[in-house]
Amino acid sequence: MNHVAHCLLSYPDEALLIGNFIGDYIKGSRWKHYPEPIQKGILLHRFIDACVEEHPALRRSVQRLRPYAGRFAAPVVDILYDYLLCKEWETAAVVPDFERFSSWAYVGLEAYRHFMPEALQERWPDMRSGRFLHLYTSREGVAWTLERFALRLSLSLDGRGLLSYWEKDEATFTADFQELLPDLRAKVAAWRSRYCS
């Protein structure tokens, strides 16, 4: 799961949101340097990643994409699962209106931007003005996201070609996603009940 899922699984807690959003940037025990509500968001991010990585549905999707994305198949599937989440928003999400959800996320992240690591703070104005969550709502936006991902890693990845392959077998990937999401949501709800109540 990528940005959309991590933000959604933080809703409606803005401190949890910023911690979850910066989670990939906070290595080792550096999470302890943040205020407690944000610490929880960083730890939630790690919990979500661990749950997704060990889920058999995710592993099946990764195996199917490995010939096209190599060792980066897992993060590519994360991006494409966000696309499926947006595509099936009305039935998959707990927040009925994507515009209301994305507005909440943009405003909340802006309010807490001073907690973002420097590299992310530099990217944030472009991410917000480009409405980065909305990129996952269209094929073109996802292709652009995949190409940017490849550029950051100096990776040879044909985002549009990969999407063409994905769409030929989209029903199978969708079945994987639909198996994973309820399991993940239940685990996150239990985690939040235990650590955020």
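Go through region 7-25 and count every residue that is of a type outside the set (F, W, Y) and assigned to a loop (DSSP other than H, G, I, E, B).
Taking region 7-25 first, the residues of a type outside the set (F, W, Y) are 7-10, 12-20, 22-24.
Filter again for assigned to a loop (DSSP other than H, G, I, E, B), leaving 9-10, 12-13.
The number of residues fulfilling the criteria is 4.
How many residues does region 98-152 hold that are closer than 16 Å to A5 by Cα, at pLDDT 95 or above and among the aliphatic types (A, V, I, L, M)?
Number of matching residues: 4.
Are there any pairs with C-beta distances below 8 angstrom linking a residue in region 165-190 that is outside any helix (DSSP H, G or I) to a residue that is surrounded by 14 or more Cβ atoms within 10 Å (Cβ to Cβ), with the two at least 6 apart or on different chains, and if so which?
Once the first residue is outside any helix (DSSP H, G or I) and sits in region 165-190, its partners that are surrounded by 14 or more Cβ atoms within 10 Å (Cβ to Cβ) give D169/R64.
I'm checking my understanding of the structure. Among residues of region 26-39 that are part of a helix (DSSP H, G or I) and touching a helix residue (DSSP H, G or I) at 6+ places or on another chain (Cβ under 6 Å), which one is surrounded by the fewest Cβ atoms within 10 Å (Cβ to Cβ)?
The qualifying residue surrounded by the fewest Cβ atoms within 10 Å (Cβ to Cβ) is P37.
Rundown of residues vs (1) more than 26 Å from H33 (Cβ to Cβ); (2) β-branched (V, I, T); (3) touching a Ser or Thr at 6+ places or on another chain (Cβ under 7 Å), yes/no style:
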{"site": "S102", "(1), (2), (3)": "yes, no, no"}
{"site": "Y106", "(1), (2), (3)": "no, no, no"}
{"site": "L109", "(1), (2), (3)": "no, no, no"}
{"site": "L120", "(1), (2), (3)": "no, no, no"}
{"site": "W124", "(1), (2), (3)": "no, no, no"}
{"site": "L151", "(1), (2), (3)": "yes, no, no"}
{"site": "R160", "(1), (2), (3)": "yes, no, no"}
{"site": "Y165", "(1), (2), (3)": "yes, no, no"}
{"site": "T174", "(1), (2), (3)": "yes, yes, no"}
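From Y81, Y106, grab the single residue that is surrounded by 19 or more Cβ atoms within 10 Å (Cβ to Cβ) and in contact (Cβ under 8 Å) with a residue 12 or more places away in the chain. Break it down stepwise before answering.
Working: Y106 fails: surrounded by 19 or more Cβ atoms within 10 Å (Cβ to Cβ).
Answer to the check: Y81.
What's the number of the condition G130 fails, among (1) among the small types (G, A, S); (2) in contact (Cβ under 8 Å) with a residue 60 or more places away in the chain; (3) closer than 27 Å to K27 by Cβ?
G130 satisfies every listed condition except (2).
Any residue in region 136-149 that is part of a helix (DSSP H, G or I) and in contact with a Ser or Thr (Cβ under 6 Å, 6 or more places away or on another chain)? Give the steps one after another, and end with the answer.
The initial filter retains those residues of region 136-149 that are part of a helix (DSSP H, G or I), namely 136-137, 139-149.
If we keep only those that are in contact with a Ser or Thr (Cβ under 6 Å, 6 or more places away or on another chain) as well, we get none.
Within region 136-149 (the criterion being part of a helix (DSSP H, G or I) and in contact with a Ser or Thr (Cβ under 6 Å, 6 or more places away or on another chain)), the answer is no, since none of the residues qualifies.
(1) within 22 Å of R60 (Cα to Cα); (2) of a type in the set (A, V, I, L, M, F, W, C); (3) touching a residue at least 40 places away in the same chain (Cβ under 8 Å): which one isn't true of C196, the others all being true?
Status for C196: all satisfied but (1).
Could you list, in sequence order, all residues of region 12-48 that are of a type in the set (F, W, Y) and farther than 27 Å from D97 by Cβ?
Initially, region 12-48 is screened for residues of a type in the set (F, W, Y), giving 21, 25, 31, 34, 47.
If the condition is that a residue be of a type in the set (F, W, Y) and farther than 27 Å from D97 by Cβ, then Y25, W31, Y34 are the ones that fit.
Do we have any residue at all in region 11-26 that's farther than 25 Å from L85 by Cα and without any contact (Cβ under 8 Å) to a residue 60 or more places away in the chain? Lay out the reasoning, then the answer.
First pass over region 11-26, keeping only residues farther than 25 Å from L85 by Cα: 26.
Remaining after also requiring without any contact (Cβ under 8 Å) to a residue 60 or more places away in the chain: none.
Checking region 11-26: not a single residue is farther than 25 Å from L85 by Cα and without any contact (Cβ under 8 Å) to a residue 60 or more places away in the chain.
Scan region 89-103 residue by residue and report those that are touching a residue at least 60 places away in the same chain (Cβ under 8 Å) and surrounded by fewer than 17 Cβ atoms within 10 Å (Cβ to Cβ).
Correct list: V94, V95.
For residues that are touching a helix residue (DSSP H, G or I) at 6+ places or on another chain (Cβ under 6 Å) and not polar (S, T, N, Q), scanning just region 140-149, find the one that is surrounded by the fewest Cβ atoms within 10 Å (Cβ to Cβ).
Taking region 140-149 and keeping what is touching a helix residue (DSSP H, G or I) at 6+ places or on another chain (Cβ under 6 Å), we get 141-143, 145-147.
Next cut, not polar (S, T, N, Q) only: 141-143, 146-147.
On the way: G141: 18, V142: 24, A143: 19, L146: 26, E147: 16.
My answer is E147.
Test G70 against the stated conditions and say whether it is crowded, with 19+ Cβ neighbours inside 10 Å and assigned to a helix (DSSP H, G or I). Write out each step before concluding.
Numbers: crowded, with 19+ Cβ neighbours inside 10 Å: no; assigned to a helix (DSSP H, G or I): yes.
It is false that G70 is crowded, with 19+ Cβ neighbours inside 10 Å and assigned to a helix (DSSP H, G or I).
The values are calculated or read from the model by the stated rules, or taken from the named source; none is laboratory data. Remember, it's a predicted structure, so these values are computed and weren't measured experimentally. When we count neighbours, we look across all protein chains shown, and the Cβ atoms used for this are built from the backbone with ideal geometry, even at glycine.
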